[in-house]
Each structure stands twice: as structure tokens, then as C-alpha cells.
Amino acid sequence: MGKKIVFFCIPAHGHTNPTLGVVRELTGRGHQVWYYSYLAFREQIEEAGAKFIACDEYDAQQKITPRKAARVGKDLALSTRILTDTTLSLDAKVCQDMERLAPDCIVADSMAVWGKAVAFKMNIPFVSSTTTFAFNRCSAAIMKQSPWELFAMLLSMPGVNRNIRRLKENGFPIRNMLDILQNDENTDTIVYTSAQFQPCADTFSERYAFVGPSIRPARKRIKKKREKLVYISMGTVNNNMLRFYKNCITALGRTPFQVILSVGSRIRAEDLGRLPENISVFSFVDQMAVLMEADVFLSHCGMNSVNESLACRVPLVLCPQTAEQRGVAARVAQLAAGLPLKKKTPGAILEAVNRVMDTPSFAENAARIAQGFAKCSGAKGAADKILLVCGER
């Protein structure tokens, strides 16, 4: 008899996409999946075989959007308020639904605190879905914060503590910020990377399953026009970087490389001026299609982008914008599969791209990580982990 499994996620592509293959695997085996998310993600969740349940109506006052969700984990005070408000606004509906559905397991994104909190509140078996690195005291050392970020964190703590008290007063077993940020060693956790790429993987218990990244196939193939291709993207959120894009064009416009520059929706191609013949600018691209042909990726170092790059054996020039991205970049640099960009000047950009292009060890190390990804259990392993937890009930 099939199991009943409920997923919760924040409205962010980088957190939703890795779970869709797991949903397909579970529904393909005859299990029932309900997926709590937001309307912008309805189509892709239903295509994976889950019953979609919209949170938008119940979360109307908070109005958590994909752009706001992307800030969760980067601004501690805002994060805690968003997570608390969303948890409390969804509380009544979700608790009623869980009583009615009586699921065998709840799977919640590591930032979808409402799923974790309801599971603990109602004593339902729980699995954490972690699309970034797993977090403990050892792995946190790689997520180095700037003095300003540490100062901002100290300033935000009174607000953080107020929101934690609100959760406690409503029956949620949240003791402190660490209960939100990390899972203890007894929490069953799926991590969408390899043990090789995860910092300090040997410090996590056997309850952590490192299943590897969820890499979607390219929707099409692109034609490579020159011997070497450089791909540049600063992701889909913190990408309003007109001056940086112009510096990339200045740096790479007279090189023999083909350059594909993805700038997002807030930059117009005409804002960049006249483009050299070897550079193409797009608002969005099929990233996997480009990476299948690329030789170097100048990236913001979002976890999914880095996973896709390494899976395609493409070394990186590392240009992170947030603390989380700096942690990912630090790990790539540690494994010598990419080179940090020291400055955002044309000279520094050209120097970094040339060095990665001309040093074979960067591509060799990227290939070594890709081999580790290929050995992971993937969506099948994640589904096995969830069903194991279901069986513990």
C-alpha cells in the first residue's frame, strides 16, 4: 500500500527544483504526494505528479514572493520575521490538513520552518530537504561572515528573539535560532550534493543522506561558434549589475572566446552599448544547454549553478554576492575547481578567465567532482530515505 507524503517548500526555484525528481520517483512508485507551495510553482509541481496545495491565500498578509524568499537566510532579522509570520499564518490550515490527511511523513525544505514545526508539533515523522550545504559547527566555518554581517547579526538579535518567543507561545518547539538554521544529528536529512563536495561530511551522522545534485537535462543544444566558450551569469535575484556586465564586455570583447552573457530581466541589451561580435547577451538562457558547451563559467556561485557547472565538468571564476554564495565559492576554491575573482575590473576579469582557461587542473578537478556526483544515489536514494522514515512510524 502506498505511503502518504507531504512536501513543504519556500517559493524559490533553487529550493523547489531539486525536489521535483524525488516527487516523480515517489509518485512513480505508487505513493501519494501533497506539495505545499505557491502558485508560481504550481505547473511544475503538478507535472511531477504531486497534488499542489497553494499557500498564497493563507499567507496573503505576508505575501512571500520568489524575490523575498531568495533573501531568506541572507538577512537574519527579515528571515526570522518572514519565517515566523508564514509559520503562524499557515498554522491553522496546515494542522487541520495534517489531521485529515494523516501523512506517513513530512518532507520540508530546510528554510520552510512551518513544515518542520508542524511535524514536530503533531509528532509526524520528518525529513529535512537541504538544497545548500548541510550546516553544523564544523561546516559553518566555511561560511565566513564579513565584519559588517557579524555587526548586522548582533543588531538583529533582539528582533530574532522576539519572533522565536512568538513561535513558542503558539506551541512550536523552537528554542533558539539554531533550531531554525540547522538540524540536529537525530534529524533525517536529505542533502542535494555529494559527500565529497559537502564540507566536513564526515562530521554528520548516518541520518544524513548525501544524494547528489538534482541536474535537469538541457531542453535543447546550442551551437558553439568558437573553440572556447565563456558563460557569464549572476543568477536570477542579485543580478542588477550593469557596471559589472560592461566590465565583462570590455574584458572579453577582443578575445578569441565566444561569450554568452545572461543578465536577467532588469537589464536591457541596449543599456550595454554596442556589443563586440563575439559576445551575445540574453535576459535568460537554458543554462544546462550553455554549460554543456562552455569551457569557463563566471558565476555568482549559487548552489544550483555551481552544481550544474561542476556536473558538466566546467571550472568556474567565482564572484559570490552573499554569505551563502561565498561559502559555496570557498568550497569550490578549496577543491581547486575554480578561481576567486579578486576585483570586478576588466583587467581582473580577463586575468581570471585566462588563468582558468589555461590551467588544465581546474577542469580536471571539476571533472573529479562530477564523477563524485555521478556515483550518488540521486532521486532514487532520496525517495528511499523518505520511505525508510515512513516505515519507522
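Laid out as a table, the results:
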{"item": "Given (1) of a type in the set (A, V, I, L, M, F, W, C); (2) farther than 30 Å from VAL33 by Cα; (3) modelled with pLDDT under 95; (4) in contact with a strand residue (DSSP E or B) (Cβ under 8 Å, 6 or more places away or on another chain), number of the condition CYS390 does not satisfy", "result": "(2)"}
{"item": "Where a residue in segment 189-207 is open to solvent by 20 Å² or more (accessible area, probe 1.4 Å) and its partner, wherever it lies, is of a type in the set (Phe, Trp, Tyr), with Cβ under 6 Å and at least six apart", "result": "ALA195/PHE210"}
{"item": "Qualifying position, being more than 15 Å from the chain's Cα centre (by Cα), without any contact (Cβ under 8 Å) to a residue 40 or more places away in the chain and either closer than 23 Å to ALA251 by Cβ or open to solvent by 40 Å² or more (accessible area, probe 1.4 Å) (or both), among LEU335, LEU339, LEU316", "result": "LEU339"}
{"item": "Filtered residue count, segment 99-120, keeping only those that are within 21 Å of LEU387 (Cα to Cα), out of contact with any Lys or Arg (no Cβ under 6 Å at 6 or more places or on another chain) and buried (at least 19 other Cβ atoms within 10 Å of the Cβ)", "result": "11"}
{"item": "Members of segment 196-217 found to be among the small types (Gly, Ala, Ser) and touching a Cys at 6+ places or on another chain (Cβ under 8 Å), listed by number", "result": "GLY212"}
{"item": "Helices (runs of 4 or more DSSP H) wholly inside segment 239-311 that include at least 3 residues being open to solvent by 10 Å² or more (accessible area, probe 1.4 Å)", "result": "242-252, 303-311"}
{"item": "Top-ranked residue in segment 343-383 [being loosely packed, with under 14 Cβ neighbours inside 10 Å and acidic (Asp, Glu); ranked as nearest to SER128 (Cα to Cα)]", "result": "GLU364"}
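The values are calculated or read from the model by the stated rules, or taken from the named source; none is laboratory data. On a predicted model such as this, the values are computed, not experimentally measured, just so you know. Neighbour counts are summed over all protein chains in view; Cβ atoms, including those assigned to glycine, are modelled from backbone coordinates with ideal geometry. To get the accessible areas, we keep the full protein, side chains included, count just its heavy atoms, and leave off ligands, DNA and RNA. Shrake-Rupley method; radii C 1.70, N 1.55, O 1.52, S 1.80 Å.
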